[in-house]
Amino acid sequence: MILVTGAAGFIGYHVSKRLCELGEEVIGIDNINSYYDPNLKLARIKNLKKIKGFIFDKIDICDYDALKDLFDKYKPKIVCHLAAQAGVRYSITNPFAYQRSNNEGFLNIIELCRLNNVNNFVYASSSSVYGGNTKLPFSESDRVDTPISLYAATKRSNELTAYCYHHLFGINCSGLRFFTVYGPWGRPDMALFIFTKAILEEKPIEVYNYGKMKRNFSYIDDVVEGVILTIRNPVPFEIYNIGNNKAEELMDFIKEIEKNCNKKAIIKFLPLQPGDVIATVADIQKISKLGYCPKVNIEEGIKRFVAWYRDYYKK
């Protein structure tokens, strides 16, 4: 039995689905909060419940007693911890949500892993931990002690907590630094979702740093395969970048959305936002040694997303 936290979330949904397709039994949990449209989360769970081997329980990771009961009942031997309060900009105005979910919730999960002799603890970190790092590509060996958002600080805290638990109690821990994940069933607060919606509705999009940004856009199917590799290859302690093998100019990304929407974007250029970084580029050599090889480029990835979006929202 594999426990996947945040199963109603974007990555959690796809990871749960893929694990079940591979014949695993999955217990998924989520609190279905209202950070973004809960109906999208409920639709993901509705899809998952149709798949053999998936069980869902609505639980908040900050509810230690409920989590303890869940561990007692299902006795998972692998935990894939993807639940968190997401969003860089939201963390600037809602700091306590991050402290609670990303720190307290993380501690609850890893402590229960210790008490229940979990064999492999895989958890979501973020490329945000690299902060204002100007050395490209970002490597796992780079210093990451200057976060520029509270979200990034909580994710770095998770990595340090995981190391402590590995050192003290021998828990196998793999931390995954995700790089701008996108694709069908994606998060409404992410650029691709926001831009596609606005372009189709012929509304302006806000483009920060006057469009002079690069992102290591990572298609969801590729990212999921990276997660599965770390689940199936436990290590004493490791941190992996999970991204694409090239960075894209933001304006090229927007052009691809325009092409698939068959509409031109109305662009409002703005300065760099607090907490944002100008470029993210992943060094994926380490995860590649496990067999990770991203296959989907932005042309194909955006095409798939826009097709899903138009079908889901009947646009």
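The values are calculated or read from the model by the stated rules, or taken from the named source; none is laboratory data. Source: prediction; values computed, not measured. Note: ideal-geometry Cβ built from the backbone for every residue, glycine included; neighbour counts use all protein chains shown.
What do you reckon, is Arg187 touching a residue at least 40 places away in the same chain (Cβ under 8 Å) and part of a loop (DSSP other than H, G, I, E, B)? Yes. Is it true that Val224 is out of contact with any Gly (no Cβ under 9 Å at 6 or more places or on another chain), outside any loop (DSSP other than H, G, I, E, B), buried (at least 19 other Cβ atoms within 10 Å of the Cβ) and modelled with pLDDT of 95 or more? Yes: the conditions hold for Val224.
State whether the residues of the range 56-78 include one that is assigned to a loop (DSSP other than H, G, I, E, B), more than 21 Å from Leu22 (Cβ to Cβ) and modelled with pLDDT under 95.
no
Report yes if some residue within the range 167-179 is in a loop (DSSP other than H, G, I, E, B), touching a helix residue (DSSP H, G or I) at 6+ places or on another chain (Cβ under 6 Å) and either touching a residue at least 60 places away in the same chain (Cβ under 8 Å) or not charged (D, E, K, R) (or both); otherwise report no. Break it down stepwise before answering.
Residues of the range 167-179 that are in a loop (DSSP other than H, G, I, E, B), as a first pass: 170-172, 179.
The next check asks that each one be touching a helix residue (DSSP H, G or I) at 6+ places or on another chain (Cβ under 6 Å); those that pass are 171, 179.
After this cut, where a residue has to be either touching a residue at least 60 places away in the same chain (Cβ under 8 Å) or not charged (D, E, K, R) (or both) as well, the list is 171, 179.
Yes, some residue in the range 167-179 is in a loop (DSSP other than H, G, I, E, B), touching a helix residue (DSSP H, G or I) at 6+ places or on another chain (Cβ under 6 Å) and either touching a residue at least 60 places away in the same chain (Cβ under 8 Å) or not charged (D, E, K, R) (or both).
Taking the criterion of being small (Gly, Ala, Ser) and free of Cβ contacts under 8 Å to residues at least 24 places away in the same chain, the only residue of the range 4-42 that qualifies is Ser34.
Check the range 50-67 and report whether any residue there is at positive phi and not charged (D, E, K, R). It would help to see each step written out before you state the result.
Residues of the range 50-67 at positive phi: 53.
With the extra rule that they be not charged (D, E, K, R), the set shrinks to 53.
Yes: one or more hits.
Somewhere in the range 89-97, is a residue in contact (Cβ under 8 Å) with a residue 40 or more places away in the chain, closer than 26 Å to Asp221 by Cβ and of a type outside the set (Ser, Thr, Tyr)? For the range 89-97, residues in contact (Cβ under 8 Å) with a residue 40 or more places away in the chain, closer than 26 Å to Asp221 by Cβ and of a type outside the set (Ser, Thr, Tyr): absent. Note on the range 190-233: among residues that are of a type in the set (Lys, Arg) and within 23 Å of the chain's Cα centre (by Cα), the one that is nearest to Val296 (Cα to Cα) is Arg215. Tell me whether the range 25-43 contains one or more residues that are closer than 19 Å to Val122 by Cβ and among the charged types (D, E, K, R). Looking for residues that are closer than 19 Å to Val122 by Cβ and among the charged types (D, E, K, R), one finds at least one in the range 25-43, hence yes. Among the listed residues Lys197, Lys203, identify the single one that is closer than 14 Å to Tyr309 by Cβ, surrounded by fewer than 21 Cβ atoms within 10 Å (Cβ to Cβ), touching a residue at least 12 places away in the same chain (Cβ under 8 Å) and not hydroxyl-bearing (Ser, Thr, Tyr). When all the criteria are applied, what remains is Lys197.
Here the range 292-315 is the region considered, the condition is being of a type in the set (A, V, I, L, M, F, W, C) and over 14 Å from Ser218 (Cα atoms), and the residue that is surrounded by the fewest Cβ atoms within 10 Å (Cβ to Cβ) is Ala307.
Please tell me if Ile242 is crowded, with 21+ Cβ neighbours inside 10 Å and under 29 Å from Thr93 (Cα atoms). Spell out the reasoning first.
On the way: crowded, with 21+ Cβ neighbours inside 10 Å: yes; under 29 Å from Thr93 (Cα atoms): yes.
Taking the combined requirement at face value, the residue satisfies it.
Given Pro234, Pro204, Pro271, which one is at pLDDT below 95 and of a type outside the set (A, V, I, L, M)? Write out each step before concluding.
Details: Pro234 fails: at pLDDT below 95; Pro204 fails: at pLDDT below 95.
Answer to the check: Pro271.
Determine, yes or no, whether Gly275 is of a type outside the set (S, T, N, Q), in contact (Cβ under 8 Å) with a residue 12 or more places away in the chain and more than 21 Å from Gly183 (Cβ to Cβ). Please lay out each step first, then the result.
Details: of a type outside the set (S, T, N, Q): yes; in contact (Cβ under 8 Å) with a residue 12 or more places away in the chain: yes; more than 21 Å from Gly183 (Cβ to Cβ): yes.
So Gly275 passes the test.
Of the candidates Glu140, Glu159, the single residue that is touching a residue at least 60 places away in the same chain (Cβ under 8 Å), part of a helix (DSSP H, G or I) and closer than 21 Å to Val88 by Cα is Glu159. Can you work out which of the residues in the range 253-292 that are among the hydrophobic types (A, V, I, L, M, F, W, C) and in a loop (DSSP other than H, G, I, E, B) is farthest from the chain's Cα centre (by Cα)? Applying the filter and picking the extreme gives Ala265.
With respect to the stated conditions, Val118 is in a loop (DSSP other than H, G, I, E, B), under 24 Å from Arg232 (Cβ atoms) and of a type outside the set (Ser, Thr, Tyr). When you look at Lys289, is it closer than 25 Å to Tyr163 by Cα, among the charged types (D, E, K, R), surrounded by fewer than 20 Cβ atoms within 10 Å (Cβ to Cβ) and without any contact (Cβ under 8 Å) to a residue 12 or more places away in the chain, yes or no? Against the criterion (closer than 25 Å to Tyr163 by Cα, among the charged types (D, E, K, R), surrounded by fewer than 20 Cβ atoms within 10 Å (Cβ to Cβ) and without any contact (Cβ under 8 Å) to a residue 12 or more places away in the chain), Lys289 qualifies. Each residue in the range 2-49 was checked for being farther than 14 Å from Ala83 by Cβ, crowded, with 24+ Cβ neighbours inside 10 Å and of a type in the set (Gly, Ala, Ser), and 0 pass.
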